[in-house]
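To start, the structure under review is shown below, and the notes come after it.
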Number of protein chains: 4
Amino acid sequence: MAEQKQGRTLGRPKSKGKTLPTRDVILQAATRLFFENGFQKVSVDDIASEAGMTKATVYYYFDTKAELFKETIVSLMGRIRERIIQILSIDKPLYERLFDVTIAHLQATTSFDLDGFMRESRSSLSDEQIQAMKIAEEKMYSSIEDAFIAAGKAKEIPSINAKFAAHSYIALVKVGNYKQSDGTRFFATAEETATNILNVFWKGFFGK
Amino acid sequence: MAEQKQGRTLGRPKSKGKTLPTRDVILQAATRLFFENGFQKVSVDDIASEAGMTKATVYYYFDTKAELFKETIVSLMGRIRERIIQILSIDKPLYERLFDVTIAHLQATTSFDLDGFMRESRSSLSDEQIQAMKIAEEKMYSSIEDAFIAAGKAKEIPSINAKFAAHSYIALVKVGNYKQSDGTRFFATAEETATNILNVFWKGFFGK
Amino acid sequence: MAEQKQGRTLGRPKSKGKTLPTRDVILQAATRLFFENGFQKVSVDDIASEAGMTKATVYYYFDTKAELFKETIVSLMGRIRERIIQILSIDKPLYERLFDVTIAHLQATTSFDLDGFMRESRSSLSDEQIQAMKIAEEKMYSSIEDAFIAAGKAKEIPSINAKFAAHSYIALVKVGNYKQSDGTRFFATAEETATNILNVFWKGFFGK
Amino acid sequence: MAEQKQGRTLGRPKSKGKTLPTRDVILQAATRLFFENGFQKVSVDDIASEAGMTKATVYYYFDTKAELFKETIVSLMGRIRERIIQILSIDKPLYERLFDVTIAHLQATTSFDLDGFMRESRSSLSDEQIQAMKIAEEKMYSSIEDAFIAAGKAKEIPSINAKFAAHSYIALVKVGNYKQSDGTRFFATAEETATNILNVFWKGFFGK
DNA sequence: CATGAATGAGAGTTCATTCAT
DNA sequence: GATGAATGAACTCTCATTCAT
């Protein structure tokens, strides 16, 4: 209940050593819990506890649980999108850039998968909230699509259905993250996994 | 998804041939609701209403909501597995058999994806229940793996990592079922979708 | 569910080696469970299980749970009363007969105490049922009163308030059965306990 | 039983002096209902109604029904103990002090008897809760034991088994509270009852 | 800003009882 | 005699949300 120490905001606001705004503390806690347990199972009390404050404080910052969930998703999708864009904007062959993205996401703990979240939260969210989440998801996908389109224009790869390719790519990455019932993955290391996934993807889309 | 094949009353009819046993009526209703709304959001009352009986009757047949959920999943996975096996056992080239499976599942309403369900139900299920669901899932996947292994042995295809291939195949089929925010899919018809998916999969795994 | 073997009733019906009538099997099971857990906590299903049959069978023999409970109590009180009468009818000094009764009940597992049962079951029983239980209890007490009255008439003891004495006697015997929080009783053996209890009772009522 | 002594606002009033804290209101209502109907029969809804609030408010103050029950018992035992101590600490002969205690408890509505409550609630309480109740009960008894021990040391009475005596004393007081099936008690007035009870107890333990 | 208190509306689960077979 | 199936009513407990402070 005293996990954050209130410090005076002296100089650079973006710096590291100081306290996060309460709103962000809540978002962080919510992200952690929602992604572990889903929307319905996590109570606002759980989030408040995890964030080191009371339920009423959470409601001071977010109107409803659904709104908080939407913000969580949109914010997470935004962060993933930014990371992808950052990696893809480096000046390297597409294959290598995709490899880097793959590695990055094999190591991330949170999956891309919105579908499960959508299903279980749908009936508790407003249409606006659902729409906002879907748009955030599509923008995330489009960060990959754009790379395919650009590479196609630059004749680096043949012209393909970029949307379909982007979704297929993400789907294959998720396969790489799949844990079998004995807890192991299909390949031993992230590098090996990425190599296999990208091999399939590349041949599948760009092979003749 | 043709949940029950009524009418084939060859042997002694179990009950008086009139209706489905209550237990199956419950399972049907539960399957429908769970797959639309997830585990947490669906109440046992909802299931009872959908099945046209009272909550207490549901509890007469299933000890807990979690147990009913597990049975639902296991039974569904079993039905999917059986259908896959049935299609794959026809005497045709592997490509054509896979094409048929793909078409069949593009037309099915229920997705294969257990992950979302797992996350949101995990903390409400016993270890045994989780294990039973995972095993049912793996047996479903193995119905495809086995076809790859058999075709590999018969030199119809090169030898591959069958588990990884099966999961990749299912992942790509799910991409085919993805609905964009405007409600449309990536391709106009099931045949076109199946052709594109299989094209990617086949080149990805068996292309040189 | 097959704990009792249906035997043909050949000769003496009261003999030992044969099966109890179903009604008595139920009463036995009910007695055991009610006295361990009270009226409310024991379900008719529990009793049926303990008796090796189904709930519906219990209802075949007893109209309601309350009726079964009443029968249980009345029957138990009757058995206790009979045992007391039997011991008290032996031709010995009153002190010695009381000593024997005391010993007998220190070794019995079931307490005499109806009060607790009354409180928790009262609102679930009909007036007739409550009355029947109270009368059974009073008849049990009167088996002791009668001995005091007879001994008074025979000048073996002074004349006393027999009802008050009988209740006081039973109350003291219950003290002898009291288990402290470490599980021990006040005295080491039943004989020692009985001696102390009777000493207090005898001096208290017949001392000058 | 004079559950609360309102008005004696000598120090700083805890709240705004207006009403009892909600927690105490709940405890009062619970005490009343539990002692009339037992643990199982009283629902949390009943308690909430009696206390003039909603069920959820009760759960805001007490984690479970079992916890509330335990608190009820512990608190009641504490109040009884305090009253006994208060009466026994007056400078009078032991007989007279015991007489006052007897009169006080013959007029109280609630019995001392924990046994019945224990049996019917046992399986719903945690070990800690059961232990807490037993300890509260023993401390209540010890308030009487201590008086016997002190009087023994002061040579006012012979040295006796104080624990056994305390339990016997309480058992006899309960006899004084016993209502026969026609609703009457053994003696007409509280004074007459107390005289008879104490006469038996005193001769029983201190008579030669 | 932040919180303690309060609640309405459910959720999962149990159970005494009935009834057709 | 005995039982499997079904149910209405109740029960314990949870939770998103509000509000006064």
| If you average the sequence gap of Cα pairs under 8 Å that are 6 or more apart and divide by the length of chain D, what percent do you get for the contact order? | 19
| the protein assembly as shown - convex hull of the alpha-carbon atoms, volume per residue in Å³ | 270
| Counting only other chains, what is the mean number of Cβ atoms within 10 angstrom of the Cβ of each residue in peptide C:40-48? | 2
| Using a 1.4 Å probe, how large is the accessible area of D:Trp202, given in Å² and rounded to the nearest 10? | 60
| message | Once the label point is set 7 Å along the Cα-to-beta-carbon vector, what list of distances in nm do you get between A:Pro21 and its counterparts in the other copies? | response | 3.8, 6.0, 8.3
| said: Using a 1.4 Å probe on the protein heavy atoms, what percent of the accessible area of segment C:140-208 belongs to carbon and sulfur? | reply: 52
| remark: Rg/Rh of segment D:19-62 (Cα atoms, Kirkwood Rh), to two decimals, equals 0.94
| query | For the residue pair D:Ser89 and C:Gln86, what label-to-label distance in nm results when each label sits 7 Å from Cα along the Cα-to-beta-carbon direction? | reply | 5.3
| message | Given a 10 angstrom Cα cut-off, can you work out which residue in A:Thr193, A:Thr64, A:Thr184 is the most mobile in a GNM of chain A? | response | A:Thr184
| said: Could you compute the net charge surrounding D:Lys179? Neighbours are other residues with a C-beta less than 15 Å from the C-beta of D:Lys179; K and R count +1, D and E count -1. | reply: -1
| task | For chain B, find the longest principal axis of its Cα atoms and tell me its angle to the long axis of helix B:94-107, 0 to 90°, nearest 10. | result | 40
| With labels modelled as points extended 7 Å from the Cα through the Cβ direction, what inter-label distance (nm, one decimal) is found for A:Thr195 paired with D:Glu36? | 8.0
| What order do A:Ser159, B:Ser121, D:Ser142, D:Ser49 take when sorted by accessible area (1.4 Å probe), most exposed first? | A:Ser159, D:Ser49, D:Ser142, B:Ser121
| said: Just to confirm the number: angle between the C-alpha axis of helix B:162-177 and the first principal axis of chain B, 0 to 90 degrees, nearest 10? | reply: 70
| Using alpha carbons only: equivalent-ellipsoid semi-axes of segment C:111-173, gyration tensor based, whole Å | 29, 12, 7
| query | Using r as the Cβ-Cβ distance of A:Gln131 and D:Ile135, and R0 as 56 Å, what FRET efficiency do you calculate, to the nearest 0.05? | reply | 0.40
| request: Distance between Cα centroids, segment B:125-188 to segment C:136-208: provide it in whole Å. | output: 79
| 7 Å along Cα→Cβ, label-point gaps from A:Ser124 to other copies, nm, shortest first | 1.1, 3.0, 3.7
| task | Excluding B:Thr64 itself, calculate the net charge of residues whose Cβ lies under 11 Å from the Cβ of B:Thr64, where each Lys or Arg counts +1 and each Asp or Glu counts -1. | result | -1
| Reference-scaled alpha-carbon Rg (2.2 N^0.38 Å with N residues) for segment C:51-207 | 1.19
| request: Note down the nm distance, to one decimal, between modelled labels 7 Å out along Cα→Cβ at C:Tyr178 and at D:Thr64. | output: 2.8
| said: List, shortest first and in nm to one decimal, how far the label point of A:Lys55 (7 Å from Cα along Cα→Cβ) is from its counterparts in the other copies. | reply: 1.6, 2.1, 3.4
| said: Using 18 Å as the Cα-Cα cut-off, could you pick out the over-long pairs in A:Lys41/B:Lys174; A:Lys163/B:Lys208; A:Lys179/B:Lys208; C:Lys179/C:Lys203; C:Lys139/D:Lys179? | reply: A:Lys41/B:Lys174; A:Lys163/B:Lys208; A:Lys179/B:Lys208; C:Lys179/C:Lys203
| query | Based solely on its DSSP helices, what 222 nm [θ] is calculated for chain A when runs of n ≥ 4 H residues each add -39,500 (n - 2.57) and the sum is averaged over all residues, nearest 500 deg cm²/dmol? | reply | -21500 deg cm²/dmol
| remark: For segment B:194-208 the residues that are at least 30 Å² less accessible with all protein chains than alone, 1.4 Å probe, are B:Val200, B:Lys203, B:Gly204, B:Lys208
| field | chain D: most fluctuating residue of D:Asp115, D:Asp46, D:Asp100 per GNM, C-alpha cutoff 10 Å | value | D:Asp115
| request: Per residue of segment A:188-194, in order, report the coupling 6.51 cos²θ - 1.76 cosθ + 1.60 (Karplus, θ = phi - 60°) as ³J(HN,Hα) in whole Hz, putting x for Gly and Pro. | output: 6, 10, 4, 4, 4, 4, 4
| field | Accessible surface buried upon C-D contact (total; probe 1.4 Å; Å², nearest 100) | value | 3700
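The values are calculated or read from the model by the stated rules, or taken from the named source; none is laboratory data. Here the structure is a predicted model, which means the values were calculated and not measured. With ideal geometry, Cβ positions are generated from the backbone for all residues, glycine too; neighbour counts draw on all protein chains shown. Keep in mind that these areas ignore ligands, DNA and RNA; they rest on the heavy atoms of the full protein, side chains included. Shrake-Rupley method; radii C 1.70, N 1.55, O 1.52, S 1.80 Å.
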